[in-house]
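Below is one structure, written out as C-alpha cells; comments come after it.
The values are calculated or read from the model by the stated rules, or taken from the named source; none is laboratory data. Treat the numbers as computed from the prediction; the structure is a model and nothing was measured. Cβ coordinates were reconstructed from backbone atoms using ideal geometry, including for glycine residues, and neighbour counts include every protein chain displayed. Side chains are part of the model used for accessible areas, which takes the heavy atoms of the whole protein and leaves out ligands, DNA and RNA. Shrake-Rupley method; radii C 1.70, N 1.55, O 1.52, S 1.80 Å.
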Amino acid sequence: MSITTTDLKGALPLVARGKVRDLYQVDDNTLLFVATDRISAYDIIMTNGIPNKGKILTQLSEFWFDFLKFPNHLVAKSDEVMSKLPESVQPFRDQLEGRSLLVRKLKLVPLEVIVRGYITGSAWNEYQKSGTVHGEKVPEGMLKSQPFPHPIFTPSTKAEQGEHDENITKAQAAEIVGQSLCDRLEAAAVYLYTKAAERAKENGIIIADTKFEFGLDENDDLVLVDEVLTPDSSRFWSGATYEIGKDQDSYDKQYLRDWLTAQGLKNKEDVAMTEEVAQKTKEKYVEAYEAITGSKWQE
C-alpha cells in the first residue's frame, strides 16, 4: 500500500501540497513536512505511488543531514515527530510515522540549486546542440556521462506544481537572488555535493548530479532545506558498471523516465505506473539507501 495523499481532517492547517510532500503548519515557526509516496517524472505526478518511498526518502535525507553537518531546517526527526505533535494529530499516526519531519519555517531561496559532476540529462542535450551547459562554455569533445573537470553549479528556476523548471545561467540566477547570494549558494552547493559524492563513491554509488534547496534564517545565513541527496533529487549511478560514453545503470527515477518514454507517455498527464514499474523503482530506491547508509532498509 502507498500513501499518495495525507488528510489530517483539519487537525493541522494544510499549507501546501508539492510534487511529493504535504506541508502542514504546526505553529508560527514550525512546519510538519510529510513525504508521501507520490512520484513525479518530467515534472508530472503519476496517479499511483511507490510503496514506502516517502519513508525511504525521509530517512535517507536524515542520514545526509547528519553526515553533511551543514545548518539545516530540522526540528525533529521522523522517529521523534509523533511525540512532539498535539493530541489531535495522533489518530493520523499511520499516515505520518516514518515519513515526517518537523522543520523550521524559513524564507526560501527561489532557485533550484543544482550541481553537476557528470554530463548527462538536459545538460548533455544542450551540450550536443551548442557546446554549453546552462549557457556556460564547458570543455570541447566531452562524451556522454563523462565527469566535468570539477563540479559545476547549474541553477534552474523553481516552478510551481504542474509547471516545468527552466535551466538558467548563473547570471540569470544572480538577477533573481542577487550576485552575493548567488555566489554563496554556488560555494555551499559545490562543497556539499563534493563531500557527499566522495562518501557515495566509497560505497559504490556515483552521484552524477543533485538538486539542493536553501532557505535563509533571521540572520540571512544559508540553511539546507527540503530533501537532500535522495533518488528523487539526484542521479545515482552504479560505480561498478559505470562507463563513459553510454547511459548508466541508475538507482533513481531514470527507470521510470525510460519506461514513460518507451511507452510514448513522456509529458502525458494522468499516467499510472504498472505494478512492475512501481516495484522495480522501489527496489532501486532501497538499493541506493542501503549502499549509501550501510544500513539494511526496514519496512
Just to be sure I understand: with springs between alpha-carbon atoms less than 10 Å apart, which residue in Ala11, Ala288, Ala240 has the highest mean-square fluctuation in the Gaussian network model of the chain?
Ala240
Tensor-based shape of segment 202-254 (alpha-carbon gyration tensor, a/c under 1.5 rounded, otherwise prolate or oblate):
prolate
Heavy-atom accessible area of segment 14-107 with neighbours in place, 1.4 angstrom probe: carbon+sulfur share in percent works out to 50 percent
If I take every Cα pair under 8 Å that is 6 or more residues apart in segment 14-107, average their sequence separation and divide by the length, what percent do I get for the relative contact order?
30 percent
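Past the 22 Å Cα-Cα mark, which pairs from Lys77/Lys170; Lys69/Lys158; Lys19/Lys280; Lys84/Lys105?
On the way: Lys77/Lys170 34 Å; Lys69/Lys158 25 Å; Lys19/Lys280 20 Å; Lys84/Lys105 16 Å.
Distance filter (> 22 Å) returns Lys77/Lys170; Lys69/Lys158.
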Average accessible area per residue (Å²) across the chain - probe 1.4 Å, nucleic acids and ligands excluded
46 Å²
Everything considered on the Cα gyration tensor (a ≥ b ≥ c; rounded for a/c under 1.5, else prolate if a/b is larger than b/c, else oblate), segment 1-65 must be described as oblate
Mean separation of Cα contacts under 8 Å, 6 or more apart, over the residue count of segment 184-299: relative contact order %:
21 percent
Percent carbon-and-sulfur accessible area, segment 141-256, ignoring ligands, DNA and RNA, probe 1.4 Å
45 percent
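Any idea what the dipole of the chain comes to, in debye rounded to 20, about its Cα centre with Lys/Arg Cβ at +1 and Asp/Glu Cβ at -1?
Dipole of the chain, to the nearest 20 debye: 360 debye.
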Using Cα-Cα distances under 8 Å and only pairs 6 or more residues apart, what relative contact order does the chain have, in percent?
20 percent
Loop sites only, by DSSP: take the trypsin sites (Lys or Arg not before Pro) in the chain that have at most 13 other C-beta atoms within 10 Å and name the longest stretch containing none of them.
70-245
What does the C-alpha gyration tensor say about the overall shape of segment 108-238? Classify as rounded when a/c is under 1.5, otherwise prolate if a/b is larger than b/c, or oblate.
oblate
Between segment 133-198 and segment 1-70, how far is it from one alpha carbon centroid to the other, in angstrom?
25 Å
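So, counting K/R as plus one and D/E as minus one, what does the shell of residues with Cβ under 13 Å around Met82 add up to?
Here the charged neighbours net out to -1.
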Looking at segment 95-150, which GluC sites (Glu not before Pro) are in a loop (DSSP not H, G, I, E or B) and have at most 14 other Cβ atoms within 10 Å?
Glu97, Glu140
